[in-house]
Number of protein chains: 2
Amino acid sequence: MEDPFAPLAEAYEAWYETPLGAYVIGEEERALRALLPPGESLLEVGAGTGWWLRRLPYPRRVGLEASPAMLRVGRARTPEAEWVLGRAEALPFPEGSFDVVLLFTVLEFVEDVEKALEEARRVLRPGGALVVGVLEALSPWAALYRRLSERGVPPWAQARFLAREDLQALLGPPVAEGEAVFLAPEAHPPFPEADRAGRRAGNRPALYLGRW
Amino acid sequence: MEDPFAPLAEAYEAWYETPLGAYVIGEEERALRALLPPGESLLEVGAGTGWWLRRLPYPRRVGLEASPAMLRVGRARTPEAEWVLGRAEALPFPEGSFDVVLLFTVLEFVEDVEKALEEARRVLRPGGALVVGVLEALSPWAALYRRLSERGVPPWAQARFLAREDLQALLGPPVAEGEAVFLAPEAHPPFPEADRAGRRAGNRPALYLGRW
């Protein structure tokens, strides 16, 4: 099977250096940190280029990634993590291996969402935290990504779009929730003002996070 | 072929009586009126239940509608208009028949967008006005409609989504433009405030209108 992330790996983080991209990823980091519990070990399923693994404060960090291209970049940029090539639906770890398992906007790209969630729970220690983030299907960002998907633009051509309701139908009510990025892709600065406006306008956020 | 509007015809206008629906259709009417030129005759392609035909001030008003169910409701509610069952791709009128041809969120549902626009231009008198409105593909409303489309909800299951850029690629730069409804489907009142916030957040409007 082709790797839809192959053309994207090298430049994957470049957008975070634009003014809007920096604002967006900063807001997402704030929401993610607020939701992550303390612990010794974290597995990130779909760790990409290692953006979160470089930033999160767990002594043991493991990144599982299905795209060889992304994993190559991730391993080079984030050598302090352990990297494993593999699929979310078949995690190569014994049960109860991790305090925290993170799936950050990766269910959009897996083949089997239910199997991926089942595997995440299997490798979590009893009482551990499953933290899942999705690109909210009802946010203005999803409108843009759907349009790119329709046009065959990678990685969106292969994506599905999940709303918080879909996650809750799969996992039940979360223990805690987070949201970030209420502004739209064409917002102009100052972005904090645009973000507050997006919330007032009734926008769904680009990122919905839940902890189970 | 099945009529995807058949289950919707009777209740099609009911949403306009909800607080949000009334605000949305009011804003759309304001934008549409600002764009329509004076004239003797108007053809609305995809006239639905006659909502616009009842409101627009042209002495001769003709509604073309492809859904027998919608046309039946339209004819009963708007008897002052002439009603014709037919397809946008094959308008049963001689060339140069109308001062104004209106296509209001109907290109989303036709089989052949280019042919429908070609036909609209053919039946327009020289110097007449073609006015086209689309459900902006990048607005938060499109995110909602795409989700309904994916789930097979009529009429969205059969819909395509066009942005202003698509229209302009088909028709060239418009003579005049209009926009309405920057708030999102989950906005809460007061709606004028939510609408201003949506504009500030960088939302595309639910309705983009152009005159050619």
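The values are calculated or read from the model by the stated rules, or taken from the named source; none is laboratory data. Please read these numbers as outputs of a predicted model, since none were measured by experiment. With ideal geometry, Cβ positions are generated from the backbone for all residues, glycine too; neighbour counts draw on all protein chains shown. Heavy atoms of the whole protein, side chains included, go into the accessibility calculation; ligands, DNA and RNA do not. Shrake-Rupley method; radii C 1.70, N 1.55, O 1.52, S 1.80 Å.
Placing unit charges on the Cβ atoms only, positive for Lys and Arg and negative for Asp and Glu, gives segment B:75-212 a dipole magnitude near 280 debye about its Cα centre. For chain B, relative contact order (Cα pairs under 8 Å, six or more residues apart, normalised by length) works out to 20 percent. Express in whole angstrom the spacing between the alpha-carbon centres of segment A:92-121 and segment A:133-212. Here the answer is 20 Å between Cα centres. Ordering of A:125-135, B:27-37 by packing is A:125-135, B:27-37, highest average first (other Cβ atoms within 10 Å, averaged per residue). Pairing chains A and B buries close to 2300 square angstrom of accessible surface in total, based on protein heavy atoms and a 1.4 angstrom probe.
Give me the angle, in degrees from 0 to 90, between the Cα long axis of helix A:191-200 and the longest principal axis of the Cα atoms of chain A, rounded to the nearest 10. Orientation of helix A:191-200: about 90 degrees from the principal axis. For the protein assembly as shown, the Kirkwood radius over C-alpha pairs fed into Stokes-Einstein at 4 °C and 1.567 mPa s yields D = 55 µm² per second.
Of the residues A:Trp141, A:Trp156, A:Trp15, the one that moves most in a GNM of chain A with alpha-carbon contacts below 10 Å is A:Trp15. Computed from Cα atoms alone, the Kirkwood hydrodynamic radius reported for chain B is 17.4 Å. Contact residues in segment A:130-157 by the 40 Å² criterion (accessible area, 1.4 Å probe, full protein complex versus chain alone): A:Leu138, A:Ala143, A:Arg146, A:Arg147, A:Glu150.
Look at the stretch A:177-186: the mean tally of other chain Cβ atoms within 10 Å of its residues' Cβ atoms is 3. Compared with the dominant principal axis of the Cα atoms in chain B, helix B:140-150 is inclined by about 70°.
Just the protein heavy atoms count here, and of the accessible area of segment A:14-211 at 1.4 Å, carbon and sulfur take up 53 percent.
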